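Down below is the structure, laid out as structure tokens.
The values are calculated or read from the model by the stated rules, or taken from the named source; none is laboratory data. These figures come from a predicted structure and were not determined experimentally. Cβ: placed from backbone, ideal geometry, glycine included. Neighbour counts: every protein chain shown. These area figures cover heavy atoms from the full protein model, side chains too; ligands, DNA and RNA do not enter into them. Shrake-Rupley method; radii C 1.70, N 1.55, O 1.52, S 1.80 Å.
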Amino acid sequence: MKFTVIKRSVKSCARAGLLETAHGVIETPVFMPVGTLGTVKALTPDLVAAQEAQIILANTYHLFLRPGADLIAGAGGLHKFMHWPGPILTDSGGFQVFSLARLRRITPDGVEFQSHLDGGAKHFFTPELVIDIQSKLGSDIIMPLDVCSAPDAPKEKVAADLQLTLEWEKRARDYFSRTLRLRSVSAVRESSEAGMSAPQALFGIVQGGMFADLRQESAAALTGLDFPGYAIGGVSVGEPEAELYRIAEYTAGLLPETKPRYLMGVGLPENLLQCVPFGIDMFDAVLPTRLARHNSFFSPGGLESILNAQYAADFAPLVADCDCYACRNFSRAYIRHLALAKEILAIVLLTIHNIRYLVNLMRKIRARILAGEL
Ligand SMILES: [Zn+2]
């Protein structure tokens, strides 16, 4: 993976770049739609590509539990299994173990947890296993196992979680490097058989909660390990927006200029506008697609609900100057009718709009960086 900053702002820390992966070149800053279970909900991969989304996310925890990493490897990797030819980033599953799984038990070696799915079978994630799972998935950018502190955890707990996270990230980095040659050889062998690919990049994840000194310690330790990219984790976990921005700006400033920076789980329009000037390059959020399934759509005036009575006989598009398929062809009145009748097409159209809206917004932001205006 290669990252090139092609323009640095003089007005802020914003930058425009190119992130080259085995499955395509990504123009940054970028918003990444989330396809937790190997599908961006409500859209075919063709429809995701039609919105010009450049990279999508999938989730290691969920795909490990169902349908299983070996099955996906048997299908030729996640790209082939889900028929998405572009870049994929997989989350380590750390966040889901702490937010979804039952009966977690953390040991120095890893985390034991009970699946949130039926049966509640017990599993044990180690830093090494999480690399192996993502290796089987074949995603382009992979994440190390981390410990996610509760947003209201006291500082001593967050500091202890950070120490363990740093140990796990070091183990993940060592294991990844040690097995890299082995995996490259098997990828080449399998590529001729099952279409499997390609080199992967392991990012580091900065943790440390809302504490600047812990963030500093985390960033210093991780940059010493020289990851090809850095994520800012432990945000968007219920903290006030002002705290999110404070930590995002502070942490971004601690990370190397030459590596991509990814703010995990953050991706509403106002977040992109606020955080790109901090020097963040990559964003993801489940909200744009989730909100669509709850009848909500982005507009320049903020989030709106299509169920609103004022749209009953409104034959204008969702957003006047939006070029998405939904806005080019359908009225608010029609989409509202579909939503009230619980027609699946309402969700499809609102999802198309919300993703396209963020893609377009990010494009405008990037153009302003390139023009020296941001
Ligand atoms: Zn639209």
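Quick rundown of the values:
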read-out	value
Kirkwood hydrodynamic radius over Cα pairs of region 250-362, then Stokes diffusion coefficient at 20 °C and 1.002 mPa s, in µm²/s	143 µm²/s
Considering only region 2-276, percent of DSSP beta bridges that pair antiparallel, nearest 5	55 percent
Rg to Rh quotient for region 15-131, alpha carbon positions, Kirkwood Rh	1.01
Loop trypsin sites (Lys or Arg not before Pro), region 1-86 (other Cβ atoms within 10 Å of the site Cβ: 15 or fewer; DSSP)	Lys11
Between region 134-161 and region 193-262, the alpha-carbon center distance in angstrom	10 Å
28 Å Cα-Cα threshold exceeded, pairs from Lys41/Lys136; Lys122/Lys170; Lys11/Lys157	Lys11/Lys157
Coil-residue GluC sites (Glu not before Pro) of region 243-294, DSSP, other Cβ within 10 Å capped at 15	Glu257
Å² of accessible area per residue within region 286-374, as computed with a 1.4 Å probe and no ligands counted	48 Å²
Accessible area of the chain belonging to carbon and sulfur atoms, whole % at 1.4 Å probe	56 percent
Solvent-accessible area per residue for region 2-276 (1.4 angstrom probe, square angstrom)	41 Å²
Max mean-square fluctuation residue, GNM over the chain, Cα-Cα springs under 10 Å, options Met82, Met210, Met362	Met82
Angle between the chain longest axis and helix 241-252 axis [Cα atoms, degrees, rounded to 10]	50 degrees
Orientation-averaged projected area, Cα convex hull of region 307-348 (nm²)	2.7 nm²
Cross-link reach list, lysines versus Lys7, counting only Cα pairs under 23 Å and skipping chain neighbours closer than eight places	Lys259, Lys364
Highest average packing first - 337-345, 324-332, Cβ atoms within 10 Å	324-332, 337-345
Average projection area in nm² (convex hull over Cα atoms of the chain, one quarter of hull surface)	18.6 nm²
